[in-house]
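J.: Please find one structure pasted underneath; my questions will follow.
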Amino acid sequence: MSRDFTRRQINMDSITVGIEPTGLARIILTFKADDHMAELMRRVLMRLEPVVDVEVIDLDRSIVREVALLKTNKLSDKQMWDVVREVEKAGGRVLESKGGVLIAELSGGHEDIEKVIRSLGPKVLKEVARSGQVLISREIN
């Protein structure tokens, strides 16, 4: 699958896989392309075995979220409170605090998470793990 994107010089922004209640795997690929290229990639992916369906989803008609886990370097008490404030302001929560190191969870839009990561920066953050974007269409079928 990734070879098909590479051949056409398209970068995948994220890939997420989950199992549906039917037992089928749902793969969510996000990438930037115009309508023509998106349709071409839909047709290319439909030819793969054993693909059942390929759906191009309009992000404006979908709910899109990402989860990130953040681990800090060892921080002073003041730095810890600043990080807690920043994480909570973004709707996240602290999962663990031990020995001056915080582990926090954020969920939201890709840009919202990027903003928090940029604001904390490499001096504060030691490690970041991200889920990739997951989405679901708002449309009722």
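J.: Given (1) hydrophobic (A, V, I, L, M, F, W, C); (2) assigned to a loop (DSSP other than H, G, I, E, B); (3) touching a residue at least 40 places away in the same chain (Cβ under 8 Å); (4) out of contact with any Ser or Thr (no Cβ under 8 Å at 6 or more places or on another chain), where does V52 come up short, assuming only one miss?
T.: For V52, the exception is condition (3).
J.: Further question: Given (1) free of Cβ contacts under 8 Å to residues at least 60 places away in the same chain; (2) outside the structural domain of V116 (by TED's automatic domain parsing), identify the lone condition not met by I28.
T.: Unmet for I28, out of (1) free of Cβ contacts under 8 Å to residues at least 60 places away in the same chain; (2) outside the structural domain of V116 (by TED's automatic domain parsing): (1).
J.: Next question. Just to verify a result, which residue in segment 59-87, among those that are surrounded by fewer than 13 Cβ atoms within 10 Å (Cβ to Cβ) and free of Cβ contacts under 8 Å to residues at least 60 places away in the same chain, is nearest to S2 (Cα to Cα)?
T.: Filtering first and then ranking leaves D60.
J.: A further question on this structure: Looking for whichever is touching a helix residue (DSSP H, G or I) at 6+ places or on another chain (Cβ under 6 Å) and outside the structural domain of H110 (by TED's automatic domain parsing) here; the options are M12, M46. Which one fits?
T.: Every option except M12 fails the conditions.
J.: Quick test for you: out of K123, K32, pick the one residue that is under 30 Å from Q9 (Cβ atoms) and either of a type outside the set (A, V, I, L, M, F, W, C) or surrounded by 13 or more Cβ atoms within 10 Å (Cβ to Cβ) (or both).
T.: That would be K32, the only listed residue that is under 30 Å from Q9 (Cβ atoms) and either of a type outside the set (A, V, I, L, M, F, W, C) or surrounded by 13 or more Cβ atoms within 10 Å (Cβ to Cβ) (or both).
J.: Could you count how many residues in segment 66-102 are among the basic types (K, R), over 17 Å from R118 (Cα atoms) and more than 21 Å from the chain's Cα centre (by Cα)?
T.: 3
J.: Say we look at segment 3-29 and pick out the residues that are under 19 Å from E66 (Cα atoms) and of a type in the set (A, V, I, L, M, F, W, C); which of these is surrounded by the most Cβ atoms within 10 Å (Cβ to Cβ)?
T.: Checking each candidate, the answer is L29.
The values are calculated or read from the model by the stated rules, or taken from the named source; none is laboratory data. What you see is a predicted model; the values in this text were computed from it and never measured. When we count neighbours, we look across all protein chains shown, and the Cβ atoms used for this are built from the backbone with ideal geometry, even at glycine.
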